[in-house]
Amino acid sequence: MDDIDRRILTVLQEDATLPVSELAKRVGLSTTPCWKRVQKLREDGVITKQVVLCDPAKMDLKLTVFVEIRTNRHNDAWLRKFAKIVRELPEIVDVYRMSGDVDYLLRVVVRDIEGYDAVYRKLIRAVEVFDVSSRFVMEKIKYSTALPLLGSDDDAA
């Protein structure tokens, strides 16, 4: 991936609805080479999908909760069961397996505390956990879906 690909991705991460002609203009290419680069980025799996981002507050999803899960079951069967349940609950939008004293970190987006309690109850009914700690977001200071795209000059730093 070169600097032009990075510029394409930077623009697309901000607005994937741009026509190829506008994208090409913004990155300093003509339309056809720009379109070919975008297609190659898709073929290579760099661009995995294009989505619509919604404002949670306007969808009455005003509560974000970070949930720390600790388990004393570190085996494949437990992990498969856990992965299945978290994938089935749409309110759980991110799940990470962690190092350190927390085994899993979940981001949950719901309407209110009752909505979170319903998710919590489904989760603990479906899979045995040692400890669940919840942290309620008071204020979102920064949120981005865009990945940092370091250029060749930045890679050496």
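Of all the residues in the stretch 91-127, those that are surrounded by 13 or more Cβ atoms within 10 Å (Cβ to Cβ) and basic (K, R) number 3. Screening the stretch 38-62 for residues that are loosely packed, with under 10 Cβ neighbours inside 10 Å and either under 30 Å from G100 (Cβ atoms) or not charged (D, E, K, R) (or both) and picking the one that is farthest from the chain's Cα centre (by Cα) gives A57. When K81 is tested against (1) surrounded by fewer than 17 Cβ atoms within 10 Å (Cβ to Cβ); (2) outside any helix (DSSP H, G or I), only condition (2) is not met. For the stretch 109-150, a tally of residues being charged (D, E, K, R), more than 30 Å from D3 (Cα to Cα) and in a loop (DSSP other than H, G, I, E, B) returns 5.
Residues of the stretch 42-55 include none that is of a type in the set (D, E, K, R) and closer than 27 Å to R125 by Cβ.
In the stretch 39-53, the residues that are in a loop (DSSP other than H, G, I, E, B) reach residues that are exposed (fewer than 10 other Cβ atoms within 10 Å of the Cβ) with C-beta atoms within less than 9 angstrom, at least six apart or across chains, in these pairs: Q50/T17; V51/T145; L53/T145.
Restricting T64, T10 to residues that are in contact with a Phe, Trp or Tyr (Cβ under 8 Å, 6 or more places away or on another chain) and of a type in the set (S, T, N, Q) narrows the list to T64.
Residues considered: R107, R87. Of these, the only one that is under 20 Å from L147 (Cβ atoms), modelled with pLDDT of 95 or more and among the basic types (K, R) is R107. Among the residues of the stretch 63-72, are any surrounded by fewer than 17 Cβ atoms within 10 Å (Cβ to Cβ), of a type in the set (A, V, I, L, M, F, W, C) and over 30 Å from E114 (Cα atoms)? Looking through the stretch 63-72, none of the residues is surrounded by fewer than 17 Cβ atoms within 10 Å (Cβ to Cβ), of a type in the set (A, V, I, L, M, F, W, C) and over 30 Å from E114 (Cα atoms).
The values are calculated or read from the model by the stated rules, or taken from the named source; none is laboratory data. As the structure is a computational prediction, the values presented were derived from the model and not from experiment. Backbone-built Cβ (ideal geometry, glycine too); neighbour counts: all protein chains shown.
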